[in-house]
Amino acid sequence: MIRVAVSGAAGRMGETVCEAVEGAQDMELVARIDPALGLDLSAALGVQHPDVLVDFSIPATAVANIKTAVAAGVHVVVGTTGFDVDEVRGLSGANIVMAPNFAIGAVLLMEFAARAAKYMRSAEIIELHHDRKLDKPSGTAKRTAELMQAAAPDKGLPPIHSIRLPGLVAHEEVILGDLGQTLTIRHDSIDRESFMPGVLLAVRKVASLSEPLTIGLEHLL
Ligand code: NAD
């Protein structure tokens, strides 16, 4: 059994992760960490001894949470977005998997967009999220832009447009334009369950990875 703690456990994503972990045959949910639930990370790590921490908290605290877990020898799966990834490079003691998007459809969108960027003249990205999302632009949109630039360095970073509205969950559209034509690639997460297979896969694999830091679900597929 993999012993799993969840930080941000009272949040929209954290609650869904707790349900998914409880429903997994090979995992045990050992701690729901969240100031809203009165449970502190250090206390939970010392008492519950999880194998893996899953962090879906807020940008302001994600780096501290990751450092605390790694220092305690606990592997970390990070879904939180909106912080500087460079702050957690070079940590040793446990492995980290982070992904701006754990939905397989979003991973495929990024791959297809990077491939298309080589052939179409220019592109722009529109990301649409619920109105309580703290970071802007989304981590997925920033990662999509980086992958497209890496595939077509001469075209630069595609501009990103952000929309925040009630009713939305997590959506992204890449529109590529060329002479007399456009190509639109779109992904919609209409339920937070869309992220759970990716999160559970990362929990199962994080301990066995050879690199201490893995960024992107595509490396685990
Ligand atoms: P949310 O605001 O609903 O939940 C955040 C929770 O974190 C809150 O319950 C808050 O009390 C808690 N929190 C605050 N400080 C904390 C601390 N020090 N330790 C532990 N918990 C703390 O947010 P959400 O919609 O659940 O999103 C959480 C994060 O996940 C965001 O950064 C969002 O962008 C990201 N996200 C990532 C993916 C992905 O696939 N990677 C998908 C959706 C959302």
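Check the range 84-98 and report whether any residue there is of a type in the set (Gly, Ala, Ser), in contact (Cβ under 8 Å) with a residue 12 or more places away in the chain and within 11 Å of the ligand (Cβ to nearest atom). Looking through the range 84-98, none of the residues is of a type in the set (Gly, Ala, Ser), in contact (Cβ under 8 Å) with a residue 12 or more places away in the chain and within 11 Å of the ligand (Cβ to nearest atom). Once the range 57-71 is narrowed to residues that are in contact with a helix residue (DSSP H, G or I) (Cβ under 8 Å, 6 or more places away or on another chain) and among the hydroxyl-bearing types (Ser, Thr, Tyr), the residue that is farthest from the ligand (Cβ to nearest atom) is 68. The single condition among (1) within 7 Å of the ligand (Cβ to nearest atom); (2) modelled with pLDDT under 95 that residue 11 does not meet is (2).
Only one of the listed residues (199, 174) is touching a residue at least 40 places away in the same chain (Cβ under 8 Å), open to solvent by less than 30 Å² (accessible area, probe 1.4 Å) and assigned by TED's automatic domain parsing to the domain that holds residue 80. That residue is 199.
Please work out if residue 64 is modelled with pLDDT of 95 or more, open to solvent by 40 Å² or more (accessible area, probe 1.4 Å) and touching a Ser or Thr at 6+ places or on another chain (Cβ under 9 Å). So residue 64 does not fit the description; no.
Restricted to the range 192-204, and to residues that are within 15 Å of the chain's Cα centre (by Cα) and of a type outside the set (A, V, I, L, M), which residue is nearest to residue 93 (Cα to Cα)? Of everything passing the filter in the range 192-204, 198 is nearest to residue 93 (Cα to Cα).
The values are calculated or read from the model by the stated rules, or taken from the named source; none is laboratory data. Source: prediction; values computed, not measured. Every residue, glycine as well, gets a Cβ built from its backbone with ideal geometry; the counts of neighbours run over all protein chains shown. Note: areas computed on protein heavy atoms with side chains; ligands, DNA, RNA excluded. Shrake-Rupley method; radii C 1.70, N 1.55, O 1.52, S 1.80 Å.
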